[in-house]
Amino acid sequence: MSKKITAAITAVGGYVPEDKLTNFDLEKMVDTNDEWIRTRTGIEERRILKGDGKATSDLAAPAVKELCKKRAIDPAEIDCLIVATVTPDMVFPATANIVCDKIGAKNAWSFDVGAACSGFLYSLTLGSSLIESGRYKKVVVCGADKMSAIVDYSDRATCIIFGDGAGAVLLEPNEEGNGVLDSILRSDGSGCQYLHMKAGGSARPASVETVMAKEHYVYQDGQPVFKFAVKGMADISAELLEKNNLTGNDVAWLVPHQANLRIIDATANRMGLPREKVMININKYGNTTAGTIPLCLWDWEKQLKKGDNLVLAAFGGGFTWGATLIKWAYNS
Ligand code: UT7
């Protein structure tokens, strides 16, 4: 009998732009201060992609190129490339199509997934299923967002949170039982009212009025999102552990979406995990939406060991949320 195929992450790539926007820079732009931002969110600085015409694909392409280099594969070997994003280069075509063109992934089919901050987890589950089916051998899953394109830098409630960045993983078949082992994903569209972009879609196409009313920016009612996020991320992570007969002791790393340090701490506490087992880089990148989880994997890759259990957890616009269990497949 042939062995069960799982989808293992075999390489990680990442990219953040060089330009930094610090809390002290923001103090000069809006009525805020470094102390408030650090204590309420954990953020100290974020990266911003500057330059005319620079887009989300310019974050994703170098991240994917890096993982190809690490794994010594030609981009033409990629079977499928998925980009999770809420800031596509254009409404259409998909940013994933543009990324494939930029890196020379000429044999891949490619598409975007829009699930906001849970986009990477949604895409990872999807990409893993393609590998598990036995039909595809190399699937790239990328989370990329140029949040600075949709942030109003005169709105202190949102401009302090977001940053730009991208991370990507390569998925390949594994017969040792390593890789993506389980996932619980959820959505609740009634949460739309608390976190959305009002215009630019089919409900309110762009017009002079929508631009004047600043409706092409992120709208967030922070407090309800915070409450739902704390409960959603903590509950689903605990549910995933229980479903797999695991406790916090079995988990080597929690890889949480980086929206707010207080949400991350609540999730870790619920799982019984000390801070040392939690990947946190919100201080230097802020919230890069679909980019946060793969950027954590990118920053921590060298510390990960074959056989480590990782729990990835996210909550975001939609609402969308979820948790994914991974058994790490390699030592760097
Ligand atoms: O990744 C997608 C999902 N998103 C999230 O998970 C984000 C969830 N929400 C949050 O992280 C938090 O709600 C925020 C960080 C957005 C805001 O923190 P908060 O503790 O919920 O603040 P708040 O909105 O309740 O505001 C508290 C006070 C208010 O002043 P008063 O009314 O108490 O006098 C605000 O006006 O802080 C004030 N405030 C600020 N002060 C300085 C709000 N923003 C700022 C600011 N600087 N940037």
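Listing for the model above:
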read-out	value
Counted residues, the stretch 77-106 - those being open to solvent by 20 Å² or more (accessible area, probe 1.4 Å), part of a loop (DSSP other than H, G, I, E, B) and either in contact with a Gly (Cβ under 7 Å, 6 or more places away or on another chain) or of a type in the set (S, T, N, Q) (or both)	1
Filter pass, residue 6 being open to solvent by less than 20 Å² (accessible area, probe 1.4 Å) and within 19 Å of residue 288 (Cα to Cα)	no
Failed condition for residue 28, given (1) under 20 Å from residue 136 (Cα atoms); (2) modelled with pLDDT of 95 or more; (3) of a type in the set (D, E, K, R)	(1)
Test: residue in the stretch 62-74 that is in the same structural domain as residue 105 (by TED's automatic domain parsing), within 16 Å of the ligand (Cβ to nearest atom), closer than 30 Å to residue 139 by Cβ and not basic (Lys, Arg)	no
Failed condition for residue 64, given (1) crowded, with 24+ Cβ neighbours inside 10 Å; (2) not in a helix (DSSP H, G or I)	(2)
Given (1) in contact with a Leu (Cβ under 6 Å, 6 or more places away or on another chain); (2) under 28 Å from residue 202 (Cβ atoms), number of the condition residue 136 does not satisfy	(2)
Residue match in the stretch 26-38 (condition: in a strand (DSSP E or B) and within 16 Å of the ligand (Cβ to nearest atom))	no
Top-ranked residue of the stretch 132-166 - restricted to ones that are in contact with a strand residue (DSSP E or B) (Cβ under 7 Å, 6 or more places away or on another chain) and open to solvent by 40 Å² or more (accessible area, probe 1.4 Å), ranked as nearest to the ligand (Cβ to nearest atom)	157
Members of the stretch 318-332 found to be assigned to a loop (DSSP other than H, G, I, E, B), open to solvent by less than 10 Å² (accessible area, probe 1.4 Å) and either within 15 Å of the ligand (Cβ to nearest atom) or of a type in the set (Asp, Glu) (or both), listed by number	319
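Yes/no matrix, rows are residues, columns are (1) at pLDDT 95 or above; (2) buried (at least 16 other Cβ atoms within 10 Å of the Cβ); (3) more than 17 Å from residue 282 (Cβ to Cβ):
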{"site": "191", "(1), (2), (3)": "yes, yes, yes"}
{"site": "195", "(1), (2), (3)": "yes, yes, yes"}
{"site": "205", "(1), (2), (3)": "yes, no, yes"}
{"site": "211", "(1), (2), (3)": "yes, no, yes"}
{"site": "217", "(1), (2), (3)": "yes, yes, yes"}
{"site": "221", "(1), (2), (3)": "yes, no, yes"}
{"site": "239", "(1), (2), (3)": "yes, no, yes"}
{"site": "242", "(1), (2), (3)": "yes, no, yes"}
{"site": "270", "(1), (2), (3)": "no, yes, yes"}
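The values are calculated or read from the model by the stated rules, or taken from the named source; none is laboratory data. These numbers were taken from a predicted model, which means no experiment stands behind them. Please note: Cβ atoms are built from the backbone with ideal geometry, for glycine as well, and neighbour counts cover all protein chains shown. Side chains are part of the model used for accessible areas, which takes the heavy atoms of the whole protein and leaves out ligands, DNA and RNA. Shrake-Rupley method; radii C 1.70, N 1.55, O 1.52, S 1.80 Å.
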